[in-house]
Amino acid sequence: MKRTIQINLAGSIFAIDDNAYEMLRDYLLNVERQFSGRTDGREVINDLEMRMAELFTEKLKPHREVISLEDVREVLQTIGYPEDISGKQSGGAQYGPRFTRGRGSKRLYRDPDDKPIGGVCSGLAYYFNTDPLLIRILFIIALFMGFGFLLYIVLWIALPLAQTPEQITEMKTGSQYF
């Protein structure tokens, strides 16, 4: 038995399979990241959601009530990926035709969005599902104990910076794109 979730997409209510919802949510988060800095970003996102709602409505017409994972894959292939839409080529080819959400272990990256010094503490916080402030306090305590500075520098050098939307999602949620 699969769990279904009701979502509102561009004013239309849809019942969607749990796995399909996760894929759609990850896609929409990547779209928001891609367009957040643009002046017309909100309008593009709204248009994209409206088109997705139209495509989902067409898929459900015969005798179906729930959007499946395969439906989401087909719609995403039809619409395109965030990098294709925005014109940025930072990693759209990595989605390929088989954009799926896998349940993998989280990857340890430095966080590019929350980096007062290097993003090490916030990256560790995502990895351990805790507050970055707690990790920062632990590093300050370790600094006074004599090994905090060296540990921070080693982690700063060793940990890659999460740059692509896939890496950021993998860092925050443990999702992977195949």
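Values in this text are rule-based calculations from the coordinates and carry no lab data. Small disclaimer: the values here were computed from a predicted structure and weren't measured. Every residue, glycine as well, gets a Cβ built from its backbone with ideal geometry; the counts of neighbours run over all protein chains shown.
By count of other Cβ within 10 Å, fewest leading, how are T164, T78, T169 ordered? Write out the running numbers ahead of the final one.
Details: T164 16, T78 10, T169 21.
Placing the least packed residue first, the sequence is T78, T164, T169.
Multiplying the residue separation of K115 and M50 by 0.36 nm and subtracting their alpha-carbon distance yields 19.9 nm.
State log₁₀ I(q)/I(0) for region 120-161 at q = 0.29 Å⁻¹ as given by the Debye formula over alpha-carbon point scatterers of equal weight, solvent excluded. The Debye formula, applied to the Cα set alone, gives -1.02. The fewest-to-most ranking of E166, E65, E43 by surrounding Cβ atoms within 10 Å reads E65, E43, E166. The residues V44, V72, when put in order of fewest to most other Cβ atoms within 10 Å, stand as V44, V72.
What does the extension gain come out to for T4 and T57, with contour length at 0.36 nm per residue minus their alpha carbon separation? If you can, show how the numbers build up before the last one.
Numbers: separation 53, 0.36 × 53 = 19.08 nm, distance 1.66 nm.
Gain on extension, T4 to T57, equals 17.4 nm.
Counting only aspartates and glutamates at least 8 places from K172 when in the same chain, those with an alpha carbon closer than 13 Å to its own are D26, D111, D113, D114, D131.
What's the FRET efficiency of E43 with S68 using the Cβ-Cβ distance as r and R₀ = 22 Å, to the nearest 0.05? Don't skip to the end; give the middle numbers.
Working: r = 29 Å, r/R0 = 1.33.
The value I calculate is 0.15.
A Förster distance of 25 Å, applied to the separation of the beta-carbon atoms of R33 and I13, puts the FRET efficiency at 0.45.
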